[in-house]
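Rule-based calculations on the coordinates, nothing more; no lab input. If you're wondering where the values come from, they're calculated on a predicted model, not measured in any experiment. All Cβ positions, glycine included, derive from the backbone under ideal geometry; neighbour counts span all protein chains shown.
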Amino acid sequence: MTPSRPYLIRAIHEWISDNNLTPYIMADTQLPGTEVPAQYIQDGRIVLNLSHTAVQTLVMGNDWISFRARFSGKVVSVHLPVNAVLAIYAKENGQGMSFAPETTTEDTPQPPPPSSPPPRTGRPTLKVVK
């Protein structure tokens, strides 16, 4: 049976957003594959704003959560395994859900391939398609 955590995270994110509140997640940054801005990690954890106005290209899959966001004016790609999420809650009132920390890393999926296109080299070209 598939884990319920990714489904609960998506449902609570939608519920918080539908109520015009700000969805935040707290994640364990110690799990392999977690890519977050290091300067915002405190005690091995990070709190991230997942509102639609704060992030771009938000993908909440069954194995990974990924998005791009600005940190100190710089756009950063964030990737974290779903099992790194310790809580999802509304910033304004704290309502949400917490999850037990993962004790093993055996189920940690491999990170997805980079989502950004490869850098362009040379001049752009056009191709006629008939």
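When each of the peptides 93-101, 44-52 is scored by how many other beta carbons lie within 10 Å of its residues on average, the order from highest to lowest is 44-52, 93-101.
Here A54 and W15 are evaluated by their C-beta separation; at R0 = 22 Å the FRET efficiency comes out at 0.80.
Packing, as the average of other Cβ atoms within 10 Å across residues, places the peptides 81-88, 5-12 in the order 81-88, 5-12, highest first. Here the stretch 5-98 is treated with +1 on each Lys and Arg Cβ and -1 on each Asp and Glu Cβ, and its dipole about the Cα centre works out to around 200 debye. Can you tally the net charge around S51? Count Lys and Arg as +1, Asp and Glu as -1, for every other residue whose Cβ sits under 14 Å from the Cβ of S51. For residues surrounding S51, the net value is 0.
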